[in-house]
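Novice: Just dropping this structure here.
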Amino acid sequence: MRRVVITGIGSWNGFGAGVPAFLDALRAGACAIGPMTVFSTEGFRTHRAAVAPAADVGGWVSAPLEFRLSRSDRMAVAAAREAWLASGIAEAGLASERIGVVMGGTTGGMPEAEDILRRRQSGELERMPVRGLVAMPVCSTADVLAAVFGCRGPRFTVVTACSSSANSLGLAADLVQEGRAEALLAGGTDAHCKMTYAGFNALQALDPDVCRPFDRRRAGLSLGEGAAMFVLEEERHARRRGADVLAEFAGYGTSADAYHMTAPDPEGRGAVAAMRRALAEARLAPEAIDYVNAHGTGTPQNDPIETRAIKAVFGAHARRLAVSSTKSQTGHCLGAAGAIEILATVLALRHGFLPPTVNLEEPDPECDLDYVPRLARARDLRTAVSNSYGFGGNNTSVVLKAYS
Amino acid sequence: MSEAVISGIGVVSPLGIGATAFWDALCSGRTAIAEIRRFDPGPTPPRLAAEVHEIPARDVLPAPLVRRMDRVSQMIGVAAVLAVRDACLGRSAPGDDLAVVVGSALGNLSEAAQFLERVFTKGPSLASPMLFPNLVMNAPASQVATALGWRGPNLTVSAGEISGESALDVAIDLLRRGRARAVVVAAGEELSAVVFRALRDFRHLSPRRRGRERSIPFDVEANGPVLGEGAAAVVVETPESATRRGARVHATIERVIRFQLAVKNPHVWPAPGAAREAGDLPILSADLVFSGADSSPERDALELTLLARMVPADPPVYSLAGAVGSHAAQGLTTLSTAALALSSGRLPPVVGLEQPRPEFPFHFPKEALSGSWASGLVLGVARGGAGMAIEITREARRP
């Protein structure tokens, strides 16, 4: 059986550029949620968000192409560049058609399209310009990455709302296991846009303050943005070339609630099924898991349902394992959230610590597990699960193992 | 080795609802292209499109769902449920190992534009909480799962003009990996005013700067695509699963092949030269070829150049674009057409074609053909140079 390992990681989010900045922030229990500076929040329920710095991709992208890239594309290229260089995959002698690209996202180049639409509607623009709209489709980031890094293998983009990039990594791992690719650039990217901000605002799903997953005062999520990128590789291939293996991608499970567009199944049956499927694929008993990186949005609905699902899957072991929501630190990065949280989990395994749930001060009695409140803890970890759920009742769980 | 079989087909097209109505209209040589009725296209060309005027959502989908569903979800939802009915896999089946995969390039942009317009003009506090959940691109896939009670993997795949073909590829991987025993794969797009106006402003649509506005794939006078809309769905399952439950098989999917042409600009179609110079194209054989050519000179030339390299014989080559226009997620409509052609022994005419491009050695049928064809090839290429070829055969292989 072909195993899948992670040999490169790249990060771009509210904590800035690069994996070291993200690692430091996770360990320090920092929170990137601050004033929303990407656009005016006048009239909104909240004025907060985690904002990523603008990504400069000059030098890696030709000038004409750079001119057309969306904010979302730029973050992905920057994170992919870090993962690509760290993995050393370019020197592995792989044929370009053996390297694929699988991305997750939700809104692609919508921020730029919104601006054009507004100016066109107000009569400021007479025609819709090509620039700013060619990068609008969510699949265009994968096309850009394939062109920039010369990857000619299988390529597609997964859109399952907030679980998009957990699924992109799961399906990328499937391509390696089926022998359809030897390595892939995979992950997710999403940038702030008015449509999403106004939409969550209209649903009253945004916390006016900062999000507080599992806290009794939680009032919703805080939005974030960013990208996390991985080089996934077939294990023997990675070992033969002496790559530094960061973790094993050991299992993937995904399910549908088949229940409602925005409300999760109150019994959490889909979440339970996803975790069980991922554990079965990793051939691990629930008792073998050390840490769960929760979906943990901080909405009134998600956190108790996810807690119940974890208890259903892990039984008595749920009281022993650590659970945390790194969305309390990064904000909810939507289509990039799954990849960013899988990255946080890889860093936890690699560096021996439990990332905390910051802003958790008054535990909700319905949420009664160890959520690693406020401060990171040193802990040797062997195995972890990362959960990602999305609008429409999409549930995805990924099992990661320390590599030995 | 065969990959999977197609045991159900559902079509929502401007020529009719359901595989039979679609197929009969297609074989009669009709076109659904006409003046746009849903919105005002403006006083000068382009003014044409192929529209789906009535979606029988209330007849096919649960009423509480339909009330909240947008137009894209309704078209994809109806196509998916029709395919599932055709495959005799209903709500009664336990749904844990039944999956939904949807292909979509753009999604529900008409309501996204409506939602944003309200935010821009009235302020964010008046944004519609009812509209927002429909704006996520995976809304149709979730609605299909809810309508059917299918709780297996639920994925939406986007890959530009090969979104439908990519969804099929992902679905077959789900079967291979044992993540599902059957998958309904659906793909579709709507005709929206916002996309129409953007493509008109880009001068992408027929008639561009010359000739009459029309969709005439493979023609020397082709001057841009005419937009269409609709959805198609297929149920795919392993040959073993189909045999076990005694399912009727429309066609067997022998291979799904991906290839990548060299590109400098990932936002446009590569020039035909990229197809001429590609060193590692697969060599394929097929009795019939179903192309994604859309009556734009650049895409027609690219697909035909590819076919000239990939298919050594000179089989009849077909495109739907003259009959139903074109949209980005049309690959599964093309695949359904291919399966119906093999199983019925009929090939519809290429509607609108007058003067075929002489430089390509293919037969482009101007009249419907009859024959006993065993194999078909579906070809699609996206902006950015990603291509897919799907080989299907008529006979259901015994596992």
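Novice: Suppose we filter the range A:257-272 for residues that are at the interface with chain B (Cβ under 9 Å from one of its Cβ atoms) and either surrounded by fewer than 24 Cβ atoms within 10 Å (Cβ to Cβ) or within 19 Å of the chain's Cα centre (by Cα) (or both); how many remain? Spell out the reasoning first.
Specialist: We begin by selecting, within the range A:257-272, every residue at the interface with chain B (Cβ under 9 Å from one of its Cβ atoms); these are A:257-262, A:269-270.
If we keep only those that are either surrounded by fewer than 24 Cβ atoms within 10 Å (Cβ to Cβ) or within 19 Å of the chain's Cα centre (by Cα) (or both) as well, we get A:259-262, A:269.
Summing the residues that are at the interface with chain B (Cβ under 9 Å from one of its Cβ atoms) and either surrounded by fewer than 24 Cβ atoms within 10 Å (Cβ to Cβ) or within 19 Å of the chain's Cα centre (by Cα) (or both) in the range A:257-272 gives 5.
Novice: What number of residues in the range A:200-242 are small (Gly, Ala, Ser) and over 30 Å from A:Leu369 (Cβ atoms)?
Specialist: We begin by selecting, within the range A:200-242, every residue small (Gly, Ala, Ser); these are A:202, A:205, A:219-220, A:222, A:224, A:226-228, A:238, A:242.
Then keep just the ones that are over 30 Å from A:Leu369 (Cβ atoms); that gives A:202, A:238, A:242.
Adding up the residues that qualify gives 3.
Novice: So how many residues does the range A:16-46 have that are touching a strand residue (DSSP E or B) at 6+ places or on another chain (Cβ under 6 Å) and exposed (fewer than 14 other Cβ atoms within 10 Å of the Cβ)?
Specialist: The number of residues fulfilling the criteria is 0.
Novice: Could you please find all residues in the range B:116-160 being of a type in the set (Val, Ile, Thr) and either at the interface with chain A (Cβ under 7 Å from one of its Cβ atoms) or over 21 Å from A:Ala256 (Cβ atoms) (or both)?
Specialist: Within the range B:116-160, B:Val119, B:Thr121, B:Val136, B:Thr146, B:Thr156, B:Val157 meet the criteria.
Novice: Something else: So which of B:Ile76, B:Ile55 is in the same structural domain as B:Met130 (by TED's automatic domain parsing), under 26 Å from B:Ser295 (Cα atoms), surrounded by 17 or more Cβ atoms within 10 Å (Cβ to Cβ) and within 22 Å of the chain's Cα centre (by Cα)?
Specialist: Values: B:Ile55 fails: under 26 Å from B:Ser295 (Cα atoms).
That would be B:Ile76, the only listed residue that is in the same structural domain as B:Met130 (by TED's automatic domain parsing), under 26 Å from B:Ser295 (Cα atoms), surrounded by 17 or more Cβ atoms within 10 Å (Cβ to Cβ) and within 22 Å of the chain's Cα centre (by Cα).
Novice: Does A:Thr297 count as part of a loop (DSSP other than H, G, I, E, B) and under 22 Å from the mean Cα position of the chain (by Cα)? Spell out the reasoning first.
Specialist: On the way: part of a loop (DSSP other than H, G, I, E, B): yes; under 22 Å from the mean Cα position of the chain (by Cα): yes.
Here the answer is yes, as A:Thr297 does meet what is asked.
Novice: Scan the range A:198-215 for residues that are within 14 Å of chain B (Cβ to nearest Cβ) and touching a His at 6+ places or on another chain (Cβ under 9 Å) and jot them down. Please lay out each step first, then the result.
Specialist: Kept after step one, since they are within 14 Å of chain B (Cβ to nearest Cβ), are these residues of the range A:198-215: A:198-206, A:208.
Hits for the range A:198-215 are A:Phe200, A:Pro208.
Novice: Sticking with this structure for a sec: Tell me, which residue of the range B:198-211 that is free of Cβ contacts under 8 Å to residues at least 24 places away in the same chain and of a type in the set (Lys, Arg) is nearest to A:Arg119 (Cα to Cα)?
Specialist: Initial filter on the range B:198-211 (free of Cβ contacts under 8 Å to residues at least 24 places away in the same chain): B:198, B:201-203, B:208-211.
Still in the running and of a type in the set (Lys, Arg): B:203, B:208-210.
Numbers: B:Arg203: 19, B:Arg208: 24, B:Arg209: 26, B:Arg210: 29 Å.
Restricting to residues being free of Cβ contacts under 8 Å to residues at least 24 places away in the same chain and of a type in the set (Lys, Arg), the top hit is B:Arg203.
Novice: Let me ask something additional. Residue under question is B:Ser163, and the condition is that it be within 8 Å of chain A (Cβ to nearest Cβ) and surrounded by fewer than 24 Cβ atoms within 10 Å (Cβ to Cβ); does it hold?
Specialist: Values: within 8 Å of chain A (Cβ to nearest Cβ): yes; surrounded by fewer than 24 Cβ atoms within 10 Å (Cβ to Cβ): no.
Considered against the rule, which asks whether it is within 8 Å of chain A (Cβ to nearest Cβ) and surrounded by fewer than 24 Cβ atoms within 10 Å (Cβ to Cβ), B:Ser163 comes out as no.
Novice: Considering the range A:285-294 alone, what residues qualify as being closer than 19 Å to A:Ala166 by Cα and more than 20 Å from the chain's Cα centre (by Cα)?
Specialist: Within the range A:285-294, A:Ile289 is the sole residue that qualifies.
Novice: Here's another thing I want to ask about it. Which of the residues spanning the range B:196-246 are within 14 Å of chain A (Cβ to nearest Cβ) and touching a Pro at 6+ places or on another chain (Cβ under 6 Å)?
Specialist: B:Arg200, B:Leu205
Novice: Here is a further query. Is one or more of the residues making up the range A:163-180 surrounded by 24 or more Cβ atoms within 10 Å (Cβ to Cβ), assigned to a strand (DSSP E or B) and modelled with pLDDT of 95 or more? Spell out the reasoning first.
Specialist: First, pick out the residues of the range A:163-180 that are surrounded by 24 or more Cβ atoms within 10 Å (Cβ to Cβ): A:163-173, A:175-176.
With assigned to a strand (DSSP E or B) added as a condition, the list becomes none.
No, the conditions are met nowhere in the range A:163-180.
Novice: Select, from A:Arg131, A:Arg118, the only residue that is in contact (Cβ under 8 Å) with a residue 12 or more places away in the chain, surrounded by fewer than 20 Cβ atoms within 10 Å (Cβ to Cβ) and either touching a helix residue (DSSP H, G or I) at 6+ places or on another chain (Cβ under 6 Å) or part of a loop (DSSP other than H, G, I, E, B) (or both). Before you say what the answer is, go through the steps one by one.
Specialist: Numbers: A:Arg118 fails: in contact (Cβ under 8 Å) with a residue 12 or more places away in the chain.
Of the residues listed, the single one that is in contact (Cβ under 8 Å) with a residue 12 or more places away in the chain, surrounded by fewer than 20 Cβ atoms within 10 Å (Cβ to Cβ) and either touching a helix residue (DSSP H, G or I) at 6+ places or on another chain (Cβ under 6 Å) or part of a loop (DSSP other than H, G, I, E, B) (or both) is A:Arg131.
Novice: Let me ask something else. I want to confirm something. Restricting to the range A:98-124 and keeping residues that are at the interface with chain B (Cβ under 9 Å from one of its Cβ atoms) and out of contact with any Gly (no Cβ under 8 Å at 6 or more places or on another chain), which single residue is nearest to A:Thr396 (Cα to Cα)?
Specialist: Out of the qualifying residues, it is A:Gly108.
Novice: Read through the list (1) within 30 Å of A:His260 (Cα to Cα); (2) assigned to a loop (DSSP other than H, G, I, E, B); (3) not aliphatic (A, V, I, L, M), then give the number of the only condition that B:Gly42 fails.
Specialist: Of (1) within 30 Å of A:His260 (Cα to Cα); (2) assigned to a loop (DSSP other than H, G, I, E, B); (3) not aliphatic (A, V, I, L, M), only one is false for B:Gly42: (1).
Novice: To continue, here is another question. Can you confirm whether B:Ser215 is within 22 Å of the chain's Cα centre (by Cα) and part of a loop (DSSP other than H, G, I, E, B)? Let's see the steps before the verdict.
Specialist: Details: within 22 Å of the chain's Cα centre (by Cα): yes; part of a loop (DSSP other than H, G, I, E, B): yes.
Taking the combined requirement at face value, the residue satisfies it.
Novice: Look at the range B:82-115 and say how many of its residues are in a loop (DSSP other than H, G, I, E, B) and either touching a His at 6+ places or on another chain (Cβ under 7 Å) or facing chain A (nearest Cβ under 9 Å) (or both). Steps first, answer last, please.
Specialist: First, pick out the residues of the range B:82-115 that are in a loop (DSSP other than H, G, I, E, B): B:87-97, B:104-108.
This time we only want the ones that are either touching a His at 6+ places or on another chain (Cβ under 7 Å) or facing chain A (nearest Cβ under 9 Å) (or both), so: B:95-96, B:104-107.
Here the count works out to 6.
Novice: Do we have B:Thr333 as assigned to a helix (DSSP H, G or I) and surrounded by 24 or more Cβ atoms within 10 Å (Cβ to Cβ) here? Please lay out each step first, then the result.
Specialist: On the way: assigned to a helix (DSSP H, G or I): yes; surrounded by 24 or more Cβ atoms within 10 Å (Cβ to Cβ): yes.
Criteria met by B:Thr333.
Novice: Give the range A:142-159 a look and list any residue that's in contact (Cβ under 8 Å) with a residue 60 or more places away in the chain and among the small types (Gly, Ala, Ser), or say none.
Specialist: Taking the range A:142-159 first, the residues in contact (Cβ under 8 Å) with a residue 60 or more places away in the chain are A:144-145, A:147-149, A:159.
Within the range A:142-159, just A:Ala147 meets the criteria.
Novice: Considering only residues that are surrounded by fewer than 24 Cβ atoms within 10 Å (Cβ to Cβ) and facing chain B (nearest Cβ under 8 Å), which ones fall in the range A:142-151?
Specialist: Hit for the range A:142-151 is A:Ala147, nothing else.
Novice: Taking the range A:35-66 as the region of interest, how many residues are within 11 Å of chain B (Cβ to nearest Cβ) and either over 19 Å from A:Ala202 (Cα atoms) or without any contact (Cβ under 8 Å) to a residue 12 or more places away in the chain (or both)? Break it down into steps so the answer makes sense when it comes.
Specialist: Quick first cut of the range A:35-66, residues within 11 Å of chain B (Cβ to nearest Cβ) only: A:39-46, A:61-62, A:64-65.
Narrowing further to those that are either over 19 Å from A:Ala202 (Cα atoms) or without any contact (Cβ under 8 Å) to a residue 12 or more places away in the chain (or both): A:40, A:42-43, A:61-62, A:64-65.
Counting residues in the range A:35-66 that are within 11 Å of chain B (Cβ to nearest Cβ) and either over 19 Å from A:Ala202 (Cα atoms) or without any contact (Cβ under 8 Å) to a residue 12 or more places away in the chain (or both) gives 7.
Novice: Would you be able to tell me the number of residues in the range A:249-267 that are more than 22 Å from A:Gly170 (Cβ to Cβ) and not in a loop (DSSP other than H, G, I, E, B)? Talk me through it step by step, then tell me what you get.
Specialist: As a first pass, look at the range A:249-267 and keep what is more than 22 Å from A:Gly170 (Cβ to Cβ): A:260-263, A:266-267.
Applying the additional criterion that residues be not in a loop (DSSP other than H, G, I, E, B) yields none.
Looking only at that region, the number is 0.
Novice: Right, something else. Quick one: A:Ala161 ticks every box in (1) over 27 Å from B:Gly380 (Cβ atoms); (2) facing another protein chain (nearest Cβ under 9 Å); (3) of a type in the set (Gly, Ala, Ser) bar one, so which box is it?
Specialist: (1)
Novice: A further question follows. Scanning for something modelled with pLDDT of 95 or more, more than 28 Å from B:Ala167 (Cβ to Cβ) and in a strand (DSSP E or B), does the range A:223-232 turn up at least one residue?
Specialist: Taking the range A:223-232 as the starting set, the residues that turn out to be modelled with pLDDT of 95 or more are A:223-232.
When the remaining residues are screened for being more than 28 Å from B:Ala167 (Cβ to Cβ), the result is A:223-224.
Going one step further and asking which of them are in a strand (DSSP E or B), we end up with A:223.
Yes, the conditions are met somewhere in the range A:223-232.
The values are calculated or read from the model by the stated rules, or taken from the named source; none is laboratory data. On a predicted model such as this, the values are computed, not experimentally measured, just so you know. Ideal geometry is used to build each Cβ from the backbone, glycine not excepted, and the neighbour counts take in all protein chains shown.
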